[in-house]
Every structure is written in C-alpha cells, then in structure tokens.
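One structure, as structure tokens, below. Some questions next.
The values are calculated or read from the model by the stated rules, or taken from the named source; none is laboratory data. Keep in mind it's a predicted model, so treat the numbers as computed, not measured. Using ideal geometry, Cβ is built from the backbone for each residue, glycine included, and neighbour counts are taken over all protein chains shown. Calculation scope for accessible area: heavy atoms of the full protein, side chains included, ligands and nucleic acids excluded. Shrake-Rupley method; radii C 1.70, N 1.55, O 1.52, S 1.80 Å.
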Amino acid sequence: MSEVTNMNNQFLRDIRGIIDAARAQAVRSVDFCRVQMYWHMGKRIFEEEQQGKDRADYGTYLIKNLAKQLEPEYGSGFSYRQLAFCRQFYRLYPIVNALRSQLNWTQYRMLIQIDDPNKREYYELEAVNNAWTGRELERQIHSLLYERLLLSNDKEAVLAVARKERIPQSPLEIIKDPMYLEFLGLEREAAYYEKDLESAIITHLQNFLLELGQGFTFVARQKRILLEDDEFFADLVFYNRLLRCFVVIELKTGKLTHQDLGQLQMYVNYYDRTEKTAEENPTIGILLCTDKNDTVVRMALPEDNKTILASEYKLYLPTQAQLADEVSHVRRMVEEQHNLNREGEQ
C-alpha cells in the first residue's frame, strides 16, 4: 500500500510540475508578445507623427486622438499615457535589445521613465542579471540603489560590473550604506532585540539578500566559534561568489561602539585563519547598526582597513525626496573628506 502511495505522490508531483511549467511558459509568452506589440505600436505612432512634423503639437494630438479610439474598444492598456510610453519605448530601445533582454512591459515602463541613460542601463542590466521581478525592480529604483553605489564608486566601475566586464574588487562596490530593511516588518519606534532583527532577516532572507548586494549566499546563523573554553556566536555568515570570500554580519540595535568593532574583527580573523582557503580572498565583516559614528569607525580600525565595514540600517523606506537629500548629504561629506585628504597630502 505504501509503494502505491509513494508512486501516486511522485506521479502527482510530476503532473503538478508539468502544469506549473506550462503556466510559467504561458505567462512569459504573453509578456513577450505584449512587449512586441507595444514596441511596434510605438514605431507606427512615431512614423505617423513624423508626417506632421511641421506642427509642434501634432504628436500630442495624434496620441490623444488614438487613445480616444482605442481605449473604449481595448481597455485602459491603450490610454494616452500608455501610448505615450509606447512611443518612448520605441525611441529608447531597438527591437533587438527589447526582445533579447526579455523583461516584461511593466519593467520597461519603469525604465523608460528614467532620464539618465547610464542609470537606466544599470537598472536594465541588473534586472536581467538578477532576474528581478517588477516589484523588486521598483523597490531598487525607489531606494536609489544606483545613487547609493555611486557614493563609494565611480560611474564607470558600477556600469562595468553590471555589464559583466569586470568583477568587483572591493566590498564597497557591492555593500550599501545605508541599507533599507522595511520589508522586515519591525515597527520603527518599537523596542526590539538583536534576536528579533536576526529572526526577521531569516524570515525575509530573499529580500535581505537583494538589499545586501550581488552574489550573496547564506551560510550560517549564530555560527558557534569555540576559542579554547570560550564560546562566541557570529550572528549571520554569508559567502559572496563575486568577491570570493566569507562575509560575517553582526547586528546591533543600538549605537555602534569600538568594542563591537573589536568583536567583529575577531570573527573575521577566525574565518581567515580557520575557514578561508588559499584561493579565497580575506573575510569581510559588516556591522549592521541603527546608528554609527564615522570617526569612531575610522579611529578604531587600521588606516588601510578594507575588510571591516559599518553600515546603518533603517526600518522604513523614506520618500524619494528624503532619499535624494540623504544621498546628496553623504556625497557632500565624501567630497569634503577627499578635499581634506588632498590638502593634507600637499
């Protein structure tokens, strides 16, 4: 009887697999056809518009009139705004690029609203490289991922990694500061402990990996480290396949202290001396805290430090304006520090 049950269970799993695969393929096929349709519509609208190029407002008139004809018959997918996106889609993306990337229309619609071509290319490439859903792409754009990476990297380096022309050489090319962890669902003002934060991260591990950066895989939670008779527990351990190294993360719900940095340094040393192979790069330590003093970080670590990072986290996603202000503030601080360094060298 059990053999029959096992056979039936396997048979049921096989049939479900066939159905799920077919449904997924059908969705991809619909998305692909939809992208094709909107691109060809944009091409035809643009061609028709050029015939009235002596009239400055002819394009707007043409699209508005077309929407009046199409929307009652085909629905909101053919509104004035949607048709305007079609025209812009055709202008920005050659058909070969649009079809090769296999992004869906929702994703393209977000991309074509980005004016900066470098920024648009970055999000397009990363959406393809990391198989982002529309929701994931939207979150990365709204959290200013591109701008946050530019704080510690130059534009060409960021784009080169996205284009797969180079492998990241430094954790600063991947790790963001600050990190936004609004998906954890922890109340902004509520009191909570490191274990609550850790549990929430494990529960939302996929989202955390997305916010953490590229190439991360989960290794361990509360990794036990035994040094003679003393036990220590590293909160979270990951491995980054791009940097080819272990990444140890310590979580702090309060203000960072030099003792926290010292403990993290010990964990990094442990992994370098006992876990790392000769072919791998030095272990990276990240102290994720609610508040950090950059001067304390700088003074507590060696001047040539490249493996210990302190990154703030926030439990809510600010508005676009707040994010833009924060990025501008940090960028000014970085520029001021660079100027001070140059003056010191002179």
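Can you tell me which residues in the range 257-280 are touching a Ser or Thr at 6+ places or on another chain (Cβ under 9 Å) and closer than 22 Å to G213 by Cα?
Q265, Y267, V268, Y271, D272, K276
For (1) closer than 30 Å to Q222 by Cα; (2) modelled with pLDDT under 75; (3) open to solvent by 70 Å² or more (accessible area, probe 1.4 Å); (4) in a helix (DSSP H, G or I), each residue gets a yes or a no:
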| position | (1), (2), (3), (4) |
| --- | --- |
| A131 | yes, no, yes, no |
| R135 | no, no, yes, yes |
| N153 | no, yes, no, no |
| A190 | yes, yes, no, no |
| I202 | yes, yes, no, yes |
